[in-house]
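One structure below.
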Amino acid sequence: QQQQQQQQTTAAKASGKQPKQKEQIRIFGPGHKRRLSEQWGIEHSYSVPLLGKIAQNGDSGTPFVVSHPDSPQADIYRQLAKSVVEEVAKIKEAKAQGGGRPVVKYDSGKHVLEIFDPKFVVSSISEEKEEADTEAGTSENATQESKTMAPADLRRACRCAACVEEMTGKQLLDPASIPDSVMPLTMNPTGNYALSVDWSDGHRSLYPYRQIRSLLEAKREGNEESSSKDEASVKEEVSV
């Protein structure tokens, strides 16, 4: 195939015509990288051309980036490698600071999900003592604050291909079809970026941790807005 392309290019140049540009065919469809980011929380993804030369170099033991360092394909691999290094550094830094991915547990007695997130940390010491500890070079461990969420709310937020149309993002799942009694049977982390959940209704979901955080943030903002409206209503009644 490569020889045929070279022959076509040579023939085009001989006839004075511009050689035909190679057509890019995105085998996963347009916008696939964006969908990966939105639905699965994959922040780093790259489009690598399917070139026979890359495979040949790999088999011969000489990396493509070494034999073709100035090629666009080599630049993509360098960007990918840089992202891997940066993500590993983030994980190490988070662990060193006592953080990491959120921990999600199901409380069957209260029928709620409890989320323990390193980002939700509250200090258990006073400001005065914190300043004194800072001056002395000592500190006390902060305590983690848990957030709660109804299992049904998380189930209704599933963005798998059965619940959300992959190409358009259109909601396919009818939220009303999910009963409030739905509960997780098993929950397991998938790498450092998502939580896999097997539900009592037979469905399996994968939730990026950033999606779970966004749901909690939306819930917090909704509670604050509701509280502000209630306070305004009370003030209005008092003034009347």
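The values are calculated or read from the model by the stated rules, or taken from the named source; none is laboratory data. Computed from a predicted structure; not experimentally measured. Neighbour counts are summed over all protein chains in view; Cβ atoms, including those assigned to glycine, are modelled from backbone coordinates with ideal geometry. Calculation scope for accessible area: heavy atoms of the full protein, side chains included, ligands and nucleic acids excluded. Shrake-Rupley method; radii C 1.70, N 1.55, O 1.52, S 1.80 Å.
Counting just the residues of the stretch 67-82 that are without any contact (Cβ under 8 Å) to a residue 24 or more places away in the chain and assigned to a helix (DSSP H, G or I), which one comes out surrounded by the fewest Cβ atoms within 10 Å (Cβ to Cβ)?
This residue is 72.
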- Task: Kindly provide the set of residues from the stretch 100-127 that are at pLDDT below 70, open to solvent by 40 Å² or more (accessible area, probe 1.4 Å) and over 19 Å from the mean Cα position of the chain (by Cα), ordered by number.
- Result: 121, 122, 123, 124, 126, 127
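I need the full set of residues from the stretch 197-215 which are under 18 Å from residue 101 (Cα atoms) and free of Cβ contacts under 8 Å to residues at least 12 places away in the same chain, in order please.
214
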- Could you run through the stretch 50-66 and say how many residues are closer than 30 Å to residue 193 by Cβ and open to solvent by 50 Å² or more (accessible area, probe 1.4 Å)? 5
- Looking only at the stretch 83-99, decide whether some residue is surrounded by 14 or more Cβ atoms within 10 Å (Cβ to Cβ) and modelled with pLDDT of 90 or more. no
- Message: Every residue in the stretch 35-66 that is of a type in the set (Ser, Thr, Tyr), at pLDDT 85 or above and part of a helix (DSSP H, G or I), please.
- Response: 60
